[in-house]
């Protein structure tokens, strides 16, 4: 499941976080199995909603059938993989490759997406730096989408927003643009006077 979805292992959440889950802590209520699909819907790390629908085709048909067996006879609020933690998952991974963990697995999957994206645009070596940067950011975006990374509202958002509103009010009260307009008028007036003086000087020279 972690390989197919790049889902976090699930039990690494902070104590003050909401009811966030991952692979090992999923409950029956977080998945919906239809005849042809596997549907996930839950809150992941940092309270980011995690939704994905996987067609039950090819190898994913076995994935679908395994989940169906795991959720059978379970209540909606019961964990699908009860008794399994990140420690068990990482111990299993280590039997395959020493040092492999769920976190490393996600990093590998994200790196694979970035690598493929860059290889698909390997013919831009002679292009501008701006175009190269665009493709680099596009590759990172694809990896972020796969890992369900999304921007969250900063904790100090409300305070920061209020500060900007207060600054705007102070600017409206001070009306600094009026000073600029006055300075502009004075400058234009000086220019006009200078032009008139030039004309008067020309007339005097002619006389």
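The values are calculated or read from the model by the stated rules, or taken from the named source; none is laboratory data. As the structure is a prediction and not an experimental result, all values here were calculated from the model. Cβ placement follows ideal geometry from the backbone for every residue including glycine, while neighbour counts extend to all protein chains displayed.
Of the numbered conditions (1) touching a residue at least 12 places away in the same chain (Cβ under 8 Å); (2) surrounded by 12 or more Cβ atoms within 10 Å (Cβ to Cβ); (3) within 30 Å of the chain's Cα centre (by Cα), residue 68 satisfies every one except a single condition; which is it?
Condition (3) is where residue 68 drops out.
Looking at (1) touching a strand residue (DSSP E or B) at 6+ places or on another chain (Cβ under 7 Å); (2) modelled with pLDDT under 90, find the lone condition where residue 80 falls short.
(2)
Quick check: is even one residue across the stretch 181-193 surrounded by 10 or more Cβ atoms within 10 Å (Cβ to Cβ), in a helix (DSSP H, G or I) and at pLDDT 80 or above?
no
Just wondering, is there one or more residues in the stretch 136-150 that are within 30 Å of residue 9 (Cα to Cα) and modelled with pLDDT under 75?
Pass one, the stretch 136-150, residues within 30 Å of residue 9 (Cα to Cα): 136-150.
With the extra rule that they be modelled with pLDDT under 75, the set shrinks to 150.
Yes - at least one qualifying residue is present in the stretch 136-150.
Please enumerate the residues belonging to the stretch 120-135 that are modelled with pLDDT under 80 and in contact with a helix residue (DSSP H, G or I) (Cβ under 7 Å, 6 or more places away or on another chain).
Residue satisfying the conditions is 124 alone.
Inspect all residues belonging to the stretch 41-63 and state whether any of them is under 17 Å from residue 11 (Cβ atoms), exposed (fewer than 11 other Cβ atoms within 10 Å of the Cβ) and assigned by TED's automatic domain parsing to the domain that holds residue 9.
For the stretch 41-63, residues under 17 Å from residue 11 (Cβ atoms), exposed (fewer than 11 other Cβ atoms within 10 Å of the Cβ) and assigned by TED's automatic domain parsing to the domain that holds residue 9: absent.
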